[in-house]
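Working notes for the structure below.
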Amino acid sequence: MDEKTLLEIVRKAVKEEFNIFRQEMATKEDLKAFATKEDLKAFATKEDLKAFATKEDLNKLKAEFMFEINYIKSEMVTRDDLKIYITKEDFNTYIEAISERLERFSRNILSMLEHYERDVRELHKKFDLIDFGLLLTHLDRLAGFMEKKEQERIIAENQLKRQYLEIRDRVKKIESIIGM
């Protein structure tokens, strides 16, 4: 809620209170229906008039009313009070800053995607030059060669184990003959 709207609401509320107060108060026209001082002197005594409001009563009422108005004024929000809150301009500046950052981010993402698109296109061109049939043939040969070498390694390892066991057995026989 901006300051003008708040001020308008407070003005309306105070105006309504004044109107209610005015409606409750008697006007000069209302008093014409009643007796004047001169009429009262002839018809009423001071004791009779004590039941009605005096000037002092009205002054007390005025003082109470002014106290209420001053209290309302003290409770009202001032421009200084509103300075700590974000204004419409501050909010717009904030939104603009976020929009600029998002736009920059979008441009960077688009640039990055364009770069990757170029790389993918170049890879497609390179793949078009590759004969995958020939490549698969070479890979099959390489796999066969690797399988053959693995088998040869296993055979050599098993042969080394047998030779080791034979040598160990011979060393044990020699040690038993010598008596060690």
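For the reader, a short list of remarks on this structure follows.
- The residue list 137, 87 contains one member that is without any contact (Cβ under 8 Å) to a residue 24 or more places away in the chain, within 30 Å of residue 5 (Cβ to Cβ) and not basic (Lys, Arg), which is 87.
- Of all residues in region 116-135, at least one satisfies being in a loop (DSSP other than H, G, I, E, B), farther than 23 Å from residue 8 by Cα and open to solvent by 90 Å² or more (accessible area, probe 1.4 Å).
- In region 48-88, residue modelled with the highest pLDDT [restricted to those that are in a helix (DSSP H, G or I), surrounded by 10 or more Cβ atoms within 10 Å (Cβ to Cβ) and under 34 Å from the mean Cα position of the chain (by Cα)]: 81
Yes or no, residue by residue, for (1) more than 59 Å from the chain's Cα centre (by Cα); (2) modelled with pLDDT of 90 or more:
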{"position": "118", "(1), (2)": "no, yes"}
{"position": "123", "(1), (2)": "no, no"}
{"position": "126", "(1), (2)": "no, no"}
{"position": "130", "(1), (2)": "no, no"}
{"position": "133", "(1), (2)": "no, no"}
{"position": "146", "(1), (2)": "yes, yes"}
{"position": "153", "(1), (2)": "yes, yes"}
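- Residue 174 of a type in the set (Val, Ile, Thr) and either under 30 Å from residue 3 (Cα atoms) or under 60 Å from the mean Cα position of the chain (by Cα) (or both): no
- For residue 30, the conditions (1) at pLDDT 75 or above; (2) in a helix (DSSP H, G or I) are fulfilled apart from (1).
- Only a single item in (1) farther than 30 Å from residue 2 by Cα; (2) at pLDDT 90 or above is not met by residue 101, and it is number (1).
To keep it simple, each residue is scored yes or no on (1) among the charged types (D, E, K, R); (2) under 30 Å from residue 18 (Cα atoms).
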{"position": "72", "(1), (2)": "no, yes"}
{"position": "106", "(1), (2)": "no, no"}
{"position": "112", "(1), (2)": "no, no"}
{"position": "144", "(1), (2)": "no, no"}
{"position": "147", "(1), (2)": "yes, no"}
{"position": "154", "(1), (2)": "no, no"}
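The values are calculated or read from the model by the stated rules, or taken from the named source; none is laboratory data. Every value quoted in this text rests on a predicted model; they were computed, and no experiment measured them. Every residue, glycine as well, gets a Cβ built from its backbone with ideal geometry; the counts of neighbours run over all protein chains shown. Calculation scope for accessible area: heavy atoms of the full protein, side chains included, ligands and nucleic acids excluded. Shrake-Rupley method; radii C 1.70, N 1.55, O 1.52, S 1.80 Å.
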